[in-house]
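Chemist: Dropping the structure in here first, questions after.
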Amino acid sequence: MKLIFSKNDFKYEIEGVMKLFIPATLFDIEYADAGFSFADIQGDYAFVRRADQNDRVLVYALCRLAGKTAHKRAFLQGNTRDLENECELALCKCLYKCLSRLTGKIPEWGVITGVRPVKQVNRLLSMGMTDDGIRAYMKERYLCSDKKTDIALMTAHTQKPLLDSLDERSFGLYISVPFCPTRCSYCSFVSQSVGSVRHLIPEYVRLLCEEIETTAALCEKIGIYPDSVYFGGGTPTTLSASQLSAVMDRIARCFDLSRVREYTVEAGRPDTITEEKLLAVKSGGATRVSINPQSLSDDVLKAIGRKHTVRQFLESYDLARKVGFECINTDIIAGLPADTEHGFENTVNTLIDKKAENITVHTLSIKRAARLNREGTGSALKNPAGAMVAYATDRLLASGYRPYYLYRQKNMLENQENIGWALSGKESLYNIYIMEEVQTIIALGAGGSTKLVDKKGGRLERVFNYKYPGEYITGFEEMIRRKGRIGDFYAKK
Ligand code: SF4
């Protein structure tokens, strides 16, 4: 399908709107120049034009799909504040309305294609706007449905006391362990299957402990302290119990953990979990573990290459309870290949019955789904992800869960979202603060990305660690030098 731009280059956002209606498509981009003629165009197209006229600007969208056409236009005053952005938004809305008329689809988030819609709602609430006012604003400005605004509002209200309790000298400590027992077919993380890199793990653990020590000394000097610790990756429980203890002991020895309110270890893959590891993690200080089934159907697990069974998940979950964990997160994904609405409903209901304190409902992204499809593992693109997410939302709300963080990615099936749900008082601070970009995250280990946040000064900077364990080991000295930028950032506060 052709996508034709005239007197504008709002390519990124316009393509984003196109994909809401016509997913998994590569558009043939053209710019309408002097000799351009519609008569030369064969087949489907979308045409988006901006025309500056004296004291006003016209934006116009024209689409042809399967022989039918629709067009829409809007005017903006030439002296409109932030004219470029307003033109872009107006053009996106015109295009959305044309495509909606031609396809019959009404994407529920409207023209919002960004990652953090709750951030916007939090901003409006802080300006004193009421919930009704926000609903009206989101509909008028972004064509967002009341249903999606309500979820964003609920999330914002859950977050409020936790955002208010944030101390600007605190930070979240992230420890990356980028190893997994095998690689899942939909994975987009830097994690490496342990088979080919197992020999690197002892040296990786040694250097990670060194990085912990150096960074802790730097943080003490600056006068900042961790209020949460998060082990992610990868699957941290790919490490042995003694390696996990070594890293956690080093953290406890080097950092002041007296004000830590939450300590999470991702034990994502049930096939890595043993009682010995869970005990090591618990005695190392963890208060929350994440055990992720993704689906409670053996057929689906097989289709996505998870290499563990439903039974293994249930046994690991019960083991975590036995060891004494009072907060367990479980990640699931709507729209996985080989899954069905009934299968997904069973997954949701079983986790609710198990009283998992956190249930995080992801939606498969189309890019990943396309890769899965190419590999012949199913037809995820046709999965009713919207209906699955709607079911999960209704059931979780009715069972006492509240949404506490929400984010969107490009190319999600049926333009849905990812939502973290929690029973009251069990919300993960780390997830909220990182998603709302209100707190510094100091990340250690391969693939770690430190995000320095100065909320008052409106500054945000990143310091990257090397991505893969091999580079992390060979480039360690250079990476430690980079960490010095954390001190520079805080010196300017
Ligand atoms: S467990 Fe997670 S990080 Fe590891 S391969 Fe699977 S999706 Fe990727």
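Chemist: Can you give the convex hull volume of the alpha carbon atoms of the range 2-103 per residue, in Å³? Let's see the in-between values first.
Modeler: Working: hull volume 9.6 nm³, N = 102.
Residue-normalised Cα hull volume stands at 94 Å³.
Chemist: What are the ³J(HN,Hα) values, in whole Hz, obtained from phi via the Karplus relation 6.51 cos²θ - 1.76 cosθ + 1.60 with θ = phi - 60°, for each residue of the range 441-457 in sequence order, with x given for Gly and Pro?
Modeler: 10, 9, 10, 10, x, 5, x, x, 10, 6, 10, 9, 10, 10, 4, 5, x
Chemist: If I take the Cα coordinates of the range 114-230 and project them onto the principal axes, what are the three extents in Å, biggest first?
Modeler: 57, 43, 19
Chemist: Please identify the longest segment of the chain free of exposed chymotrypsin sites (Phe, Trp or Tyr not before Pro), where exposed means a DSSP state other than H, G, I, E or B and no more than 15 other Cβ atoms within 10 Å. Walk me through the numbers on the way to the answer.
Modeler: Details: sites that count: Phe36, Phe189.
So the longest stretch without any such site is 190-493.
Chemist: Now for a different question. What angle do you read, to the nearest 10 degrees and between 0 and 90, between the alpha-carbon axis of helix 117-126 and the longest principal axis of the chain?
Modeler: 90 degrees
Chemist: Continuing with the same structure: Using the reciprocal of the averaged 1/r over all distinct C-alpha pairs, how large is the Kirkwood radius of the range 172-313 in Å?
Modeler: 15.8 Å
Chemist: Quote the relative contact order of the range 335-493 in percent (integer), defining contacts as alpha-carbon pairs under 8 Å separated by 6+ residues.
Modeler: Details: 225 pairs, mean separation 27.8, N = 159.
Computed value for the range 335-493: 17 percent relative contact order.
Chemist: State, to one decimal in nm, how far the label point of His199 lies from the label point of Lys322, with both points 7 Å from Cα in the Cβ direction.
Modeler: Placing both labels 7 Å beyond Cα along the Cβ direction yields 3.7 nm.
Chemist: A further question follows. Using Cα-Cα distances under 8 Å and only pairs 6 or more residues apart, what relative contact order does the chain have, in percent? Numbers along the way, then the final one.
Modeler: Details: 946 pairs, mean separation 66.4, N = 493.
Here the relative contact order equals 13 percent.
Chemist: Under a 5 Å amide H to amide H cut-off, with H placed in plane at 1.01 Å, what residues pair with Ser290 once short-range neighbours are removed?
Modeler: For Ser290, the qualifying residues are Val265, Glu266, Ala267, Asn329.
Chemist: Can you find, among Tyr401, Cys180, Ile273, the residue sitting farthest towards the positive end of the charge dipole of the chain, where Lys and Arg contribute +1 and Asp and Glu -1 at Cβ?
Modeler: Tyr401
Chemist: Tell me, Leu208, Leu58 in order of fewest to most beta-carbon neighbours within 10 Å?
Modeler: Ordered by Cβ neighbours within 10 Å, fewest first: Leu58, Leu208.
Chemist: So how do His199, His308 line up by other beta-carbon neighbours within 10 Å, fewest first?
Modeler: In order of increasing Cβ crowding within 10 Å: His199, His308.
Chemist: Tell me the GluC sites (Glu not before Pro) within the range 104-208 that lie in a loop according to DSSP and have at most 15 other beta-carbon atoms within 10 Å.
Modeler: Glu168
Chemist: Only sites in a loop by DSSP and with at most 16 other Cβ atoms within 10 Å count here; which GluC sites (Glu not before Pro) in the range 421-493 make the cut?
Modeler: Qualifying residues, ordered by number: Glu437.
Chemist: Another question about this same structure. Between the alpha-carbon centers of the range 450-467 and the range 142-207, tell me the distance in whole angstrom.
Modeler: Using only Cα atoms, the two centres lie 16 Å from each other.
Chemist: Just how many pairs of Lys in the range 24-143 have C-alpha atoms closer than 24 Å, counting pairs that are eight or more places apart or on different chains?
Modeler: 14
Chemist: Using the alpha-carbon centroid of each, what span in Å lies between the range 1-71 and the range 228-277?
Modeler: Here the two parts' Cα centres lie 51 Å apart.
Chemist: Could you work out the helix-only [θ] at 222 nm for the chain, with each DSSP H run of four or more residues adding -39,500 (n - 2.57) and the total divided by the number of residues, to the nearest 500 deg cm²/dmol?
Modeler: Calculated mean residue ellipticity at 222 nm is -13000 deg cm²/dmol.
Chemist: While we're on this one: Could you compute Rg(Cα) / (2.2 N^0.38 Å) for the range 65-104, with N its residue count? Please report the intermediate quantities before stating the final value.
Modeler: Values: Rg = 12.4 Å, N = 40, 2.2 N^0.38 = 8.9 Å.
Normalised Rg, Cα atoms only: 1.39.
Chemist: Mind checking which lysines have their C-alpha under 19 Å from Lys493, skipping anything on the same chain fewer than 8 residues away?
Modeler: Cross-link targets: Lys221, Lys451, Lys455, Lys456, Lys483.
Chemist: Okay, next question. Over the Cα atoms of the chain, how large are the radius of gyration and the largest Cα-Cα distance (Dmax), in Å?
Modeler: Cα-based Rg and Dmax for the chain come out at 24.2, 74 Å.
Chemist: Indicate, rounded to the nearest 5 percent, the antiparallel portion of the DSSP beta bridges found entirely in the range 1-143.
Modeler: Just about 70 percent of them are antiparallel.
Chemist: When a footprinting reagent is the concern and you count Cβ atoms within 10 Å, what order do Ser193, Ser365, Ser242, Ser170 take, fewest first? Write out the running numbers ahead of the final one.
Modeler: Values: Ser193 15, Ser365 22, Ser242 11, Ser170 19.
Final ranking by Cβ density, sparse to dense: Ser242, Ser193, Ser170, Ser365.
Chemist: Also, I was wondering about something else. Using θ = phi - 60° and the Karplus form 6.51 cos²θ - 1.76 cosθ + 1.60, what ³J(HN,Hα) does each residue of the range 316-322 get, whole Hz, x for Gly and Pro?
Modeler: Those phi angles translate into 5, 4, 5, 5, 5, 5, 4 Hz.
Chemist: May I pose another question? So which trypsin sites (Lys or Arg not before Pro) in the range 69-159 end up in coil per DSSP with only 11 or fewer other C-beta atoms within 10 Å? Intermediate results must be reported in sequence, preceding the final value.
Modeler: Numbers: sites: Lys72, Arg73, Arg81, Lys93, Lys97, Arg101, Lys105, Lys119, Arg123, Arg135, Lys139, Arg141, Lys147, Lys148; in loops: Arg81, Lys105.
Sparse-neighbourhood loop trypsin sites (Lys or Arg not before Pro): Arg81.
Chemist: Report the antiparallel proportion of the DSSP beta bridges in the chain as a percent, rounded to a multiple of 5.
Modeler: Around 45 percent of the beta bridges assigned by DSSP in the chain are antiparallel ones.
Chemist: Right, another one. Scan around Ile175 for amide H atoms under 5 Å from its own, H built in the peptide plane at 1.01 Å from N, and keep only partners 5 or more places away or cross-chain.
Modeler: Residues meeting the amide H criterion: Tyr230, Phe231, Gly232, Leu444.
Chemist: Using unit Cβ charges (K, R positive; D, E negative) and no other charged atoms, how large, in debye to the nearest 20, is the dipole of the chain about its Cα centre? If you can, show how the numbers build up before the last one.
Modeler: On the way: 68 positive and 60 negative charges, 117 e Å.
Dipole magnitude for the chain comes out near 560 debye.
Each reported figure results from applying straightforward, stated rules to the coordinates on display, with no laboratory input. Since we're looking at a predicted model, the values are computed, not measured. We place every Cβ from the backbone using ideal geometry, glycine too, and count neighbours over all the protein chains shown.
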